[in-house]
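Undergrad: Shown below is the structure under consideration.
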Amino acid sequence: MPHIQRKYDMTIGIIGSGALGSNVARALAKVGMTAIIANKRGPASLAALVEELGETITAGTVAEAASADMVLLAMPWVALEDVLGDLPAWDNRIVIDGTNPVLFLESGSPEASDPTNPLAAYGIKAVDLGGTHSSAVVAGLVPGARVVKAFNHLDVNVLPEPKTAGGQRVLFYSGDNTDAKAQVRAILEAIGFVAIDLGTLDVGGPLASLPFGALAMHNFVRI
């Protein structure tokens, strides 16, 4: 299968190898697109994943993944500041914010049964962002980058399966830079999704962000 990514002449890095990062890598691999995936544990910890995905997905260090033209942030919210604080200047490169401002609760902990937390039954807790939205926080952590919000509103397990029920799943995206959004849209469409632009980060970010965004977790399909 030809490497579709060559059409765009753009390298892709994925920081984070959990459910989001690994499933985006699977989606890219299915259409022959190349990417480098990384986590804080190092490339050796990703040996099984890259063997599963084939030659188009390689493992690297966080710094190597972060040096790509387009970088997906796929780590937990609590890890953002620590990981991003050690990286070099972004120099107008594209950062896809796939994160959501939630904390994962330890099973059996008092927080996991907190009656004041409407999300406790799902094992998560919303992060108090002090009135701002999550992509604004992320943008502040990646100065000089062109931030696009994407990949964050669907169940991550369906990302490798864009076709369902006789149609194509919808992925929303938003951002403030027209060219960056066009580049991300091209990737979303190349892996098989219907890409819908929600506008600027200030508008689209809150709409698609978990846990309370109006479009979060809605699995729209175009027939």
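The values are calculated or read from the model by the stated rules, or taken from the named source; none is laboratory data. As the structure is a computational prediction, the values presented were derived from the model and not from experiment. Here the Cβ is made from the backbone with ideal geometry for all residues, glycine too, and neighbour counts use every protein chain on show. Ligands, DNA and RNA are stripped out before the accessible areas are found, and what is left, the full protein with its side chains, is counted by its heavy atoms. Shrake-Rupley method; radii C 1.70, N 1.55, O 1.52, S 1.80 Å.
Undergrad: Please work out the ratio of the alpha-carbon Rg of segment 145-214 to 2.2 N^0.38 Å and round it to two decimals.
TA: Compared with the compact-globule rule of thumb, segment 145-214 sits at 1.07.
Undergrad: Right, next: Ignoring ligands, DNA and RNA, what percent of the 1.4 Å accessible area of segment 31-117 is carbon and sulfur? Working shown, then result.
TA: Numbers: 2300 of 4270 Å².
Heavy-atom surface of segment 31-117 belonging to carbon and sulfur, 1.4 Å probe: 54 percent.
Undergrad: Which FRET efficiency, nearest 0.05, do ASN157 and ASP91 yield, Cβ-Cβ r, R0 30 Å?
TA: On the way: r = 34 Å, r/R0 = 1.13.
Working from the Cβ atoms, E equals 0.30.
Undergrad: So for the chain, taking the charge dipole from beta-carbon charges (+1 Lys/Arg, -1 Asp/Glu), which of THR178, GLY123, ASN92 sits furthest toward the positive end?
TA: It is THR178, whose Cα lies furthest towards the positive end.
Undergrad: While we're on this one: Can you tell me the relative contact order of the chain? Whole percent, Cα pairs under 8 Å, sequence separation 6 or more.
TA: Details: 449 pairs, mean separation 40.0, N = 223.
Worked out over the chain, it gives 18 percent.
Undergrad: Leaving out ligands and nucleic acids, and using a 1.4 Å probe, what accessible area per residue does the chain come to in Å²?
TA: Working: 10430 Å² over 223 residues.
Computed with neighbouring chains in place, this is 47 Å² per residue.
Undergrad: If you don't mind, another one. Hey, what number do you get for the chain at 222 nm if only DSSP H runs of n ≥ 4 count, each worth -39500 (n - 2.57), divided across all residues, to the nearest 500? The partial results should precede the final answer.
TA: On the way: 8 runs with 62 residues, N = 223.
Result for the chain: -7500 deg cm²/dmol, rounded to the nearest 500.
Undergrad: Also, I was wondering about something else. Out of residues 5 or more away from ALA59 or on other chains, whose amide H comes under 5 Å of its own, with H placed 1.01 Å from N in the peptide plane?
TA: Counting only residues 5 or more places away or on other chains, the set is ILE37.
Undergrad: Using label points projected 7 Å from each Cα along Cα→Cβ, tell me how many nm separate ASP114 and ASP128, to one decimal.
TA: The modelled label-to-label distance comes out at 0.9 nm.
Undergrad: When the Kirkwood hydrodynamic radius is evaluated over all pairs of different C-alpha atoms of segment 13-78, what value in angstrom, to one decimal, is obtained?
TA: Details: mean 1/r = 0.0884 Å⁻¹.
About 11.3 Å, per the Kirkwood formula over Cα pairs.
Undergrad: Another one. Return the equivalent ellipsoid semi-axes of segment 97-176 as a descending list in whole Å, where each equals the square root of 5 times an eigenvalue of the C-alpha gyration tensor. Write out the running numbers ahead of the final one.
TA: On the way: eigenvalues 138, 98, 18 Å².
Equivalent ellipsoid of segment 97-176: 26, 22, 9 Å, largest first.
Undergrad: Another question, then. Can you list the lysines whose alpha carbon sits under 18 Å from that of LYS40, skipping same-chain ones fewer than 8 residues off?
TA: By straight Cα distance, LYS40 reaches no lysines at all.
Undergrad: Now for a separate question. So what are the ³J(HN,Hα) numbers for segment 31-42, from phi and the Karplus equation (6.51, -1.76, 1.60; θ = phi - 60°), rounded to whole Hz, Gly and Pro as x?
TA: Once rounded to whole Hz, the list reads 10, x, 7, 9, 7, 10, 10, 8, 8, 6, 7, x.
Undergrad: Over segment 119-163, with every protein chain in place, what whole percent of the accessible area is carbon and sulfur at 1.4 Å, could you tell me?
TA: Details: 1050 of 1950 Å².
Roughly 54 percent, rounded to a whole number.
Undergrad: Taking 0.36 nm per residue of sequence separation and subtracting the Cα-Cα distance, how much length would be gained by fully extending the chain between GLU51 and GLU189, in nm to one decimal? List each step's numbers first, then the result.
TA: Values: separation 138, 0.36 × 138 = 49.68 nm, distance 2.53 nm.
Additional length available on full extension: 47.1 nm.
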